[in-house]
Amino acid sequence: SSVFAHVAQGPEDPILGVTVAYNKDPSPVKVNLGVGAYRTEEGKPLVLNVVRKAEQMLVNDPSRVKEYLPITGLADFNKLSAKLIFGADSPAIQENRVATVQCLSGTGSLRVGGEFLARHYHERTIYIPLPTWGNHPKVFTLAGLSVKTYRYYDPATRGLNFQGLIEDLGAAPSGAIVLLHACAHNPTGVDPTPEQWEQIRQLIRSKGLLPFFDSAYQGFASGSLDADAQSVRIFVADGGELLTAQSYAKNMGLYGERVGALSIVCRSADVAVRVESQLKLVIRPMYSNPPIHGASIVATILKDRETYNEWTIELKAMADRIISMRHQLFDALKARGTPGDWSHIIKQIGMFTFTGLNSQQVAFMTKDFHIYMTSDGRISMAGLSSKTVPHLADAIHAAVT
Ligand code: PLP
C-alpha cells in the first residue's frame, strides 16, 4: 500500500473551489461570480490590446533571451512599479529609500514581505481587517507572523465600521503590523473616505504601527491609477516606513503570468540597501528568482508613454464596465421590487459586491439558478454582463422573498 495512504483529502479552496463546482455544472444558464477575474460583456477572459502589443514587441526583439533574472527580478520593472504606486515625484524614490523586488504576483509579494518581517522586525503580530481576502491569514501565518483582526465591516450599514477600526488599531500593541487594502477592499467593496484615511494614518503613525499595503486593484476601483494609490501615498508623504505588495493580475489582466512587486519604503537609503540584501536571502531558497515574461510585458508597457496611455484607457474601460454592472443590477432589483435596501451595490467599489446574502441564500441561488459565488455572499461584478444581470436579479429576488 502507499506510504501516503494515511493522507486525508484536503478541503477545496473556498474561492477557487467555486470555479471547480461551476465547471462541473452542465447547465447552459450557469454564471460564475466566484473568482475575481475580469470578463468581457460576452463573458470571455480579456487579454488587453496593449499586452498583445508588448508581447509582439518582445517576440520581435532579437536581443531578448531567456537567461535567469537576478534574485530581485527585472530592474526596470522594479523601478517602474515603485513609480506607479508611489508616484513619479515621490521623495522616497528620489532619495533611493525604496527597496523593490519582483515577486510572484500579489500573493508572492505578501509572502516575501511577511517572511522578511518575521525575520527582521521586532513585532510579530499583524492585524488584518475583518473580513479580508481569505488567503491573508494563511499567507501571514505560514510566513511566521501571528495574525489578529481589526473590525472593518459593519453588516448593519453594509459600510465601514470606522469606530471599531479606530478602537481596535488604537488598542494594538505599539509596533504591530497593520495590513491595509490600498483600494477596492476585498471582499466588501468598502473603502475609507480620504478623511478617514487621514485619521487612520495619524493613528498608525502616532502609535508607531507599521503599515503593510496590499494593492491588488490599482486603477480598478475608480479607473484612475493615481486616485487608487492615494491611500498609500499619504503614508509615503509623511516620511514614515511601510511595505506595499503590488499585483498586475487584475489591472493588466496578467493573472496567470504571476507578476507583482514588494516595495519596502525605508527611512534612509543605506537601510534600503540592507533591507534589499535580506529580501534576497528570503527569496533565494524559496524560488531562486522570478519569471521573466510577465515582468518584461509590464516594463515594456510602463516605460513608453504611448503604451502607458493605451493601458490607462483599457484599464478605465474595465473599471467603467464594472461600475455599469453595478447600476444595471441595482436597477434590475428595483424594477422587480425586491425587498430591502440595495444601494450598497452602487456604493461599494472595485471588483466585488458584498451582497449581504447569507450562506443559505447563496446555496439556494447555486442550486436553483446555477449562480456560483462564495458562501459569504460576495459576487464578482466583473463576471457579470448585461445578458446575465436579469438572471442574477431573478435569483436574488427569489432568495430574499
Ligand atoms: N490581495 C487581494 C486583496 C486580492 O484580492 C488578491 C487576488 O484576488 C491578491 C491579493 C493576490 O492576487 P495575485 O496573487 O493573483 O496577484
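Figures for the structure shown
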read-out	value
Greater than 27 Å apart at Cα, pairs in LYS83/LYS280; LYS66/LYS138; LYS83/LYS316	LYS66/LYS138
Karplus-derived HN-Hα couplings along region 160-174 (A = 6.51, B = -1.76, C = 1.60, θ = phi - 60°), whole Hz, x at Gly and Pro	6, 8, 5, 4, x, 4, 5, 5, 5, 5, x, 8, 5, x, 3
Folded to 0 to 90 degrees: helix 75-86 orientation relative to the chain principal axis, Cα	60
Phi to ³J(HN,Hα) by Karplus 6.51 cos²θ - 1.76 cosθ + 1.60 over region 280-290, Hz, x for Gly, Pro	4, 6, 6, 6, 3, x, 8, 8, 6, 7, x
Cα gyration tensor of region 6-144 - equivalent ellipsoid semi-axes, whole Å, descending	32, 27, 16
Equivalent-ellipsoid semi-axes of the chain, from the Cα gyration tensor, Å, largest first	34, 26, 22
Burial ranking of peptide ranges 218-229, 332-343 (average Cβ count within 10 Å, highest at the top)	218-229, 332-343
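FYI, it's all coordinate maths here, none of it is from the lab. Predicted model, so just to flag it, every value in this text is computed and none were measured. Positions of Cβ are generated from backbone atoms using ideal geometry, with glycine treated the same way; all protein chains shown enter the neighbour counts.
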